[in-house]
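Quick one: structure below, then a few questions.
The values are calculated or read from the model by the stated rules, or taken from the named source; none is laboratory data. None of the values given here were measured: they were computed from a predicted structure. Backbone-built Cβ (ideal geometry, glycine too); neighbour counts: all protein chains shown.
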Amino acid sequence: MTIAAVGTDLAVDIVVPVHNEETDLEPNIRRLHAYLTHAFPVRARITIADNASTDRTWPRAQALAATLPDVRAVRLEVKGRGHALRAAWSDSEAPVVAYMDVDLSTDLAALLPLVAPLLSGHSDIAIGTRLARHARVVRGPKRELISRAYNLLLHSVLRTRFSDAQCGFKAVRADRVRTLLPQVEDNGWFFDTELLVLAERAGLRIHEVPVDWTDDPDSRVDLLATALGDLRGVARLMRGQLLRFASIGAVSTLAYFVLYVALRGVTGAQVANATALLVTAIANTAANRRITFGVTGRHGAVRQHAQGLLVFGLALGLTATALAILNAFTDPSRLVEMTALVAANLLATALRFVLLRSWVFRP
């Protein structure tokens with residue numbers, strides 16, 4: 001793996017979001033600056049992003065920017081880590097943008113392994129992880145439990161694959177972040193989780209770096225408020241996915257019945273059912289791939305459509321069985337026939353959503 005050669009061009013812009021950090025700001029920024037100056041092989045800039053501090057954080061940030069080369073300070077009049085990162089990353093000219101917490105809980109030796117895959121073009125996003133096998137973490141049992149429970153929730157509900165959504169140590173290629181930022185709705189602590197979920201759904205490559213991490217005993221994070229905000233964010237992403245799937249399902253069902261009725265006049269029920277299902281299943285898989293699950297590009301498309309046809313086979317089996325049972329015991333009217341197909345399609349739709357999430361479009 002190679003990275004950009006040492007030179008005058010800015011390679012990495014490291015954003016440090018701060019809110020009322022007048023005590024820790026100066027010593028930690030100076031420590032980070034010294035590391036970047038003497039131990040980092042590419043040119044990096046520190047951007048102090050002050051979001052609505054009410055103490056002396058902002059004047060101290062301005063003083064640091066005035067005295068240290070490759071340090072700048074930006075001020076936002078609204079709170080929220082997401083606001084700070086969105087503004088600073090959007091305004092950066094560096095090819096790689098990153099962020100870390102001001103307490104520098106993460107060992108700075110992990111910074112080069114974090115950004116090197118992005119500078120080389122190997123990966124799109126890199127995250128520090130405290131939950132990987134080789135990570136070394138010093139923190140209390142309460143924070144450990146909350147972190148593991150949160151990431152388990154993401155894995156089970158949103159089907160994510162990355163191991164640690166909340167570690168304050170991440171980097172993104174600038175061209176990728178410009179396409180992701182307009183899609184991210186949250187501007188608080190859930191911001192980077194949402195960014196990662198959207199990136200994974202879009203098929204971007206996420207590189208994980210096990211980190212040495214020491215808990216800051218003076219952390220200003222409100223654990224309860226942060227946890228509630230994260231849960232609301234997870235629910236919003238899940239609800240949005242369900243709504244998109246339901247909308248596509250409604251259109252597909254309508255198209256299915258239009259085709260079924262048209263074909264039923266010239267052929268038998270089973271042939272009309274199979275043909276209408278096949279046509280709408282192909283369109284349904286393509287729409288859900290792009291709209292519901294956010295998968296773009298050609299990578300994996302053939303496999304996903306093939307698996308979508310297997311899911312179609314399940315729906316065909318349910319509806320065909322419903323028709324066979326109905327015709328075995330009676331000569332149904334067209335209304336009864338349609339009612340049975342509606343019931344079978346509703347069951348097939350529920351199973352389709354489960355299979356699309358857990359199998360076809362699993363990251």
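Being modelled with pLDDT under 90 and either at positive phi or in a helix (DSSP H, G or I) (or both) narrows it down to one of Ala246, Ala262, so name that one.
Only one candidate qualifies: Ala246.
May I pose another question? Filter region 102-120 down to the residues that are assigned to a loop (DSSP other than H, G, I, E, B) and within 18 Å of Glu208 (Cβ to Cβ) and list them by number.
Ser105, Asp107, Ser120
Right, another one. Here are some conditions: (1) of a type in the set (A, V, I, L, M, F, W, C); (2) over 26 Å from Phe361 (Cβ atoms); (3) loosely packed, with under 15 Cβ neighbours inside 10 Å. Leu326 meets all but one. Which one does it not meet?
(3)
Something else about it: For region 151-193, which positions are among the hydrophobic types (A, V, I, L, M, F, W, C) and modelled with pLDDT under 90?
Correct list: Leu152, Leu153, Leu154, Val157, Leu158, Trp189.
Looking only at region 268-293, which residues are farther than 16 Å from Thr349 by Cα and of a type in the set (Ser, Thr, Tyr)?
Within region 268-293, just Thr275 meets the criteria.
I need a count of the residues in region 72-98 that are over 24 Å from the mean Cα position of the chain (by Cα) and crowded, with 21+ Cβ neighbours inside 10 Å.
Of the residues in that region, 1 qualify.
A follow-up question, please. For region 93-110, give me each residue that is farther than 21 Å from Arg30 by Cα and either modelled with pLDDT under 95 or of a type outside the set (A, V, I, L, M, F, W, C) (or both).
Correct list: Glu93, Pro95.
Return the total of residues in region 286-310 being touching a residue at least 24 places away in the same chain (Cβ under 8 Å) and either farther than 29 Å from Thr179 by Cβ or polar (S, T, N, Q) (or both).
The number of residues fulfilling the criteria is 6.
Still on this structure: Scanning region 22-61 for residues that are among the hydroxyl-bearing types (Ser, Thr, Tyr) and under 29 Å from Asp9 (Cβ atoms), which turns out surrounded by the fewest Cβ atoms within 10 Å (Cβ to Cβ)?
Ranking the qualifying residues of region 22-61, first place goes to Thr37.
Select, from Thr106, Thr67, Thr47, the only residue that is free of Cβ contacts under 8 Å to residues at least 24 places away in the same chain and among the hydroxyl-bearing types (Ser, Thr, Tyr).
Thr67
Which of the numbered conditions does Ser252 fail, given that it passes all the others? Conditions: (1) over 14 Å from the mean Cα position of the chain (by Cα); (2) surrounded by fewer than 18 Cβ atoms within 10 Å (Cβ to Cβ); (3) closer than 30 Å to Leu341 by Cβ.
(2)
For every residue, the table says whether it meets (1) more than 22 Å from Val96 (Cβ to Cβ); (2) without any contact (Cβ under 8 Å) to a residue 24 or more places away in the chain.
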| position | (1), (2) |
| --- | --- |
| Arg148 | yes, yes |
| Asp186 | yes, no |
| Thr193 | no, no |
| Ala225 | yes, yes |
| Arg232 | yes, no |
| Ala246 | yes, yes |
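Applying the selection to region 1-10, what residues are surrounded by 15 or more Cβ atoms within 10 Å (Cβ to Cβ) and either modelled with pLDDT under 95 or of a type in the set (Asp, Glu) (or both)?
Ile3, Ala4
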